[in-house]
Structure formats: structure tokens, C-alpha cells
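The values are calculated or read from the model by the stated rules, or taken from the named source; none is laboratory data. Small disclaimer: the values here were computed from a predicted structure and weren't measured. Cβ coordinates were reconstructed from backbone atoms using ideal geometry, including for glycine residues, and neighbour counts include every protein chain displayed.
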């Protein structure tokens, strides 16, 4: 885990580090203290201003706007640095985890205090041989910040019921784990012990979309990430996503994204 300012991040990265899309293998959480910019996460652009908090999770595609226009603190951490129970609670806090918390949503909540605790621990000198304790304190402080953000998430961030049904969470998590192997609702129904009809009902209650649409959205999102980051040929990407025939993948992608994989890569 590392706590650093955006200014330090800019200096360390150099002038070209933030010009192209990135796909991190760690999480990045930052707060805008001064300035304004845009930041794109998984092909959705977000406007950021003072007081806003951004959370880019490992595996997501993101693109900086004008990083030189903003300042504030950030914490970089591997997902496994946060204990399993905390991660599960944060994931289950709503239908979807936001990438941005506007300042207006977290004003008056303990989020500011949680940030200050994290920054204080980050500044703390480490006595000889006590790095393990400091790292544990950083992990706990980051977990506290994430749980406060989850508590601050407004109810209207989701279209579903106030209490997220645990079976929907299981289904959503299985999609994340199995989307490259399983493209049909029946696979998930067999895995979870629910009927396809029940999964469809849960999906529509929480998101307004069918179970099959949620699976397809995850497959297409990963396809977009792979097409935008790296130069693997389409045939290889099709294979990674569980398609035996590249032409079937191209037709699948075009039907859902509106363009062919090649056209998306050229314009994405």
C-alpha cells in the first residue's frame, strides 16, 4: 500500500505516463482537493471537482483527463490488502459499486475523518522493525474509508430495492468470475441452485435488466478493455472470452456494442 499526493504521482510518472488509457492491477483511490478535470473509467467519462472521490479498481480501464489541473491525496493498494469481510460488505452495499462519489454526497459524513486517519497513518514514521504494524494500520484505515464511502452511497445510485438480495450478489459475483466461460443464464442457475426465472427476477428487480443482459454486458465490457489496452488480435480475444469461432464473437460484439471489434479498436 502507498499513500501519495497527485503531485508526487505526476512527478514519478513523468510527462507521458498519463496520456494513454491504463489498466491497473491494483486499486487507486483519490480525493480532489483543488481544481477540476474529467476522468474516464470503463468508457464512462466523469467530471471531477473539489471534494469528489474517485475509486478505480484493479482491472478497470481508465483514462486521465488533465491530471496537472488537480491536486489531492491518493492511496494505491492491492485488493488483497483489504480483509475479505470488509471487501464483501463493500461489494454487497449496493447493486453496483460507483467509481465516483460527488462532494455533495459525502458532505457531513465521516468520510472526511476516514481520509484524515488514512493520511495520518501514511505520514507516520515507522520505527525500526515495525513496518508490519504500520502496514496493518494502513490496511485498516483504507478499509474504514471504503466502508464509509459505501455508507455514503445514496440510495438513488441503484434502481433496485434498498436491501440488496444476497442471491443477486452471488449471481453478480459469479458473472465476474465465470463470464469468459459461461454465457448462458442456465450455467449460473445450475451453479447457484436457482432457476433461470429466479435469476431473471432478481436481475430485473435490482437493475431493470435481464440476467442474460447482465452477462452480455460483462462479456462486452471485457472485450472493450482488451481491445483498448494491448494489441492482441481479435481471434485471440475471442478465444479468451470463450468463443470458438472469431466470426461468432464479432457478430456478438457488433449486436451489443453497435460496431465491430476492429472498428471499436480503431476509434476506442
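Being farther than 30 Å from residue 236 by Cβ and in contact (Cβ under 8 Å) with a residue 24 or more places away in the chain is the filter; apply it to the stretch 180-197 and report the residue that is surrounded by the fewest Cβ atoms within 10 Å (Cβ to Cβ). Looking at the filtered set, the residue picked out is 192.
Filter the stretch 77-98 down to the residues that are touching a strand residue (DSSP E or B) at 6+ places or on another chain (Cβ under 9 Å) and without any contact (Cβ under 8 Å) to a residue 60 or more places away in the chain and list them by number.
Across the stretch 77-98, the qualifying residues are 79, 97, 98.
From the set of residues in the stretch 40-51 that are under 20 Å from the mean Cα position of the chain (by Cα) and under 21 Å from residue 119 (Cβ atoms), which is surrounded by the most Cβ atoms within 10 Å (Cβ to Cβ)? Top of the filtered list is 48. Somewhere in the stretch 126-133, is a residue within 30 Å of residue 49 (Cβ to Cβ) and over 17 Å from the mean Cα position of the chain (by Cα)? So far as the stretch 126-133 goes, no, none of its residues is within 30 Å of residue 49 (Cβ to Cβ) and over 17 Å from the mean Cα position of the chain (by Cα). Residues that are without any contact (Cβ under 8 Å) to a residue 60 or more places away in the chain, within 13 Å of residue 179 (Cβ to Cβ), buried (at least 19 other Cβ atoms within 10 Å of the Cβ) and assigned by TED's automatic domain parsing to the domain that holds residue 176 do occur in the stretch 198-211. Filtering the stretch 192-214 to residues that are in a helix (DSSP H, G or I) and either within 30 Å of residue 18 (Cα to Cα) or in contact with a helix residue (DSSP H, G or I) (Cβ under 6 Å, 6 or more places away or on another chain) (or both) leaves 192, 196, 199, 200, 202, 203, 206, 211, 212, 214.
So that you can scan it fast, the table gives a plain yes or no per residue for (1) touching a residue at least 40 places away in the same chain (Cβ under 8 Å); (2) in contact with a strand residue (DSSP E or B) (Cβ under 7 Å, 6 or more places away or on another chain); (3) in a helix (DSSP H, G or I):
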position	(1), (2), (3)
225	yes, yes, yes
232	no, no, no
238	no, no, yes
244	no, no, no
248	no, no, yes
251	no, no, yes
255	no, no, yes
259	no, no, no
263	no, no, yes
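Taking the stretch 42-57 as the range and being within 18 Å of residue 226 (Cβ to Cβ) and in contact with a helix residue (DSSP H, G or I) (Cβ under 7 Å, 6 or more places away or on another chain) as the test, the residues that pass are 42, 43.
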